[in-house]
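This report concerns only the one structure given below.
Quick note: the coordinates plus some simple rules give every number you see, no bench work behind them. Keep in mind it's a predicted model, so treat the numbers as computed, not measured. As a convention, Cβ positions derive from the backbone with ideal geometry for all residues, glycine included, and neighbour counts pool all protein chains shown.
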Amino acid sequence: MSKILVVSGEPSGDAFASGLISSLKKTGENISIYAMGGENCRKAGAELIADIKELSVMGFVEVLFKLKDIKKILNRLFEWIKLNEPAAIILTDFPSFNFKIAKFANQFNIPVVYYIPPKIWASRYGRIKFIKKYVKLVITIFPFEQNIYEKEGVKSYYFGNPLYVLHNEDMKASKIKEGKKENKEEGEKEINLKGKYPVITILPGSRKTELKYHSKRIIKSIILIKKFYKDAFFIFPFRKEIDSSYFGSALKNSGKISGNWYAFTDSVGFAFSSSDLIIAASGTASLEACFYEKPVIIFYYLNYLTYILAKILVKIKYAGLINILAGDFVVPELIESKFKPKNVFKEADKFLKEEDYRKSVVNKVSLVVSTLDKGVDPFDSAASVIYDNILKNLKNV
């Protein structure tokens, strides 16, 4: 039985990697899959070598405090690769970590696939030299990325954005459960939205560092919105693999927010589809929010030193993926110093009161989102490419 190693480093990567793992298992090849991932990868049939919970960190400065843990996990993976010499290694995003895996794999002539490659178009374009040297092929998730890699002589493919598949699956699950959602702190209960307006879904982030920097600003924003919208209700969706305890404690300890104002759920699809407005931390989830034909506000706050370094390294004008794809501020962004409760309220109030503005933004978002659909299953298509380029030859080795 041939072995494949899949490496992801955060919740979104775990979700994407799990979809690919499921599709690889459908190729019929006699393979076993191992992973650094989370609950999604495990459920898809991979044996976990390392859990992404050990690496829940974001930002240049914050990484410094996790270097010991990162090195420990890297050495664990290096040792596994050396002992098992897998037939292929599939890397999912997480470039600073995964580049070390790719370089190590090269010592054993193990082919490396980069599924969701580094965003070289945003920063550190010079990484293309590394990819040329150590990566056999890349599979992109944005339409313009394939052209960049092919222009540089890297074999690349684009089959649409895999968030579409995850989005559809989540929507189906939400309809089946009909509003009964798991409240992480109180057990499963029905979220009753009757008489609530506006219903606002807020995604504070998935990493501990994000929750640390975002919680106070979100809490103050909630209080301000509630002051002017007495019947406002807030939904906080945290998928099961994300620890929501820090944010839950922050809400309770604020002393100003009633438990009747909000609910937690593990169904992002239910939260998005039930909302009048979505306020999301910049990242994969902010793009997913745009699939639901609802107005979206994007925010983000970093450690100040991390922000300064990011400003130096990042060469694009926009933070939100939907705005990057559009090449324009399709939805409002409140980044760093702009992420203040009064600004959150201002943008929310405009969406809730100005129907024409709301419709205009939603229509623009829908046009951008339509470019992410290639009409094929991106997981199955990616698995087929990996099979044709690598796994098909295993029988002859």
Fill in: Estimated inter-spin distance, residue 109 and residue 123, nm [label 7 Å along Cα→Cβ]
3.8
Discussion item. Check which residues have an amide H placed less than 5 Å from residue 334's amide H, if you skip close sequence neighbours.
Written reply: 298, 299, 300
Worksheet item: Which distance in nm do the two modelled labels at residue 48 and residue 212 give, with both placed 7 Å along the Cα-to-Cβ direction?
Response: 2.2
Practice prompt. For residue 317 paired with residue 240, estimate the spin-label separation in nm (one decimal), with each label point 7 Å from Cα along the Cα-to-Cβ line.
Written response: 4.3
Item to complete: Determine the equivalent ellipsoid of the stretch 214-297 by diagonalising the alpha-carbon gyration tensor, then write out the semi-axes as square roots of 5 times the eigenvalues, largest first, rounded to whole Å.
Response: 20, 16, 12
Discussion item. Mean-square fluctuation check for the chain, GNM, Cα pairs under 10 Å: which of 347, 241, 150 is largest?
Written reply: 150
Discussion item. Going by amide H atoms built from the backbone, whose H comes under 5 Å of the H on residue 279, apart from near neighbours?
Written reply: 201, 202, 203, 297
Worksheet, complete the sentence: Per the rule of 0.36 nm per residue minus the C-alpha distance, extending residue 197 to residue 69 adds in nm 41.6 nm
Worksheet item: Taking Cα atoms of the chain, Rg/Rh with Kirkwood Rh, to two decimals?
Response: 0.97
Fill in: Among 337, 267, 12: highest mean-square fluctuation, GNM of the chain, C-alpha pairs under 10 Å
337
Worksheet entry | Helix-only mean residue ellipticity at 222 nm for the chain, each DSSP H run of n ≥ 4 adding -39500 (n - 2.57), per residue, nearest 500 | -14000 deg cm²/dmol
Worksheet entry | Cα gyration tensor shape for the stretch 68-115, rounded if a/c is under 1.5, else prolate or oblate | oblate
Discussion item. Below 15 angstrom from the Cβ of residue 155, what's the summed charge of the other residues (Lys, Arg +1; Asp, Glu -1)?
Written reply: 0
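Which shape class, rounded, prolate or oblate, goes with the stretch 313-358 when its Cα gyration tensor gives a ≥ b ≥ c as root eigenvalues, a/c under 1.5 marks rounded, and past that a/b bigger than b/c marks prolate? Write down the numbers at each step before the final one.
Numbers: a/c = 4.39, a/b = 1.43, b/c = 3.07.
Oblate is the answer for the stretch 313-358, as a/c is 1.5 or above yet b/c matches or exceeds a/b.
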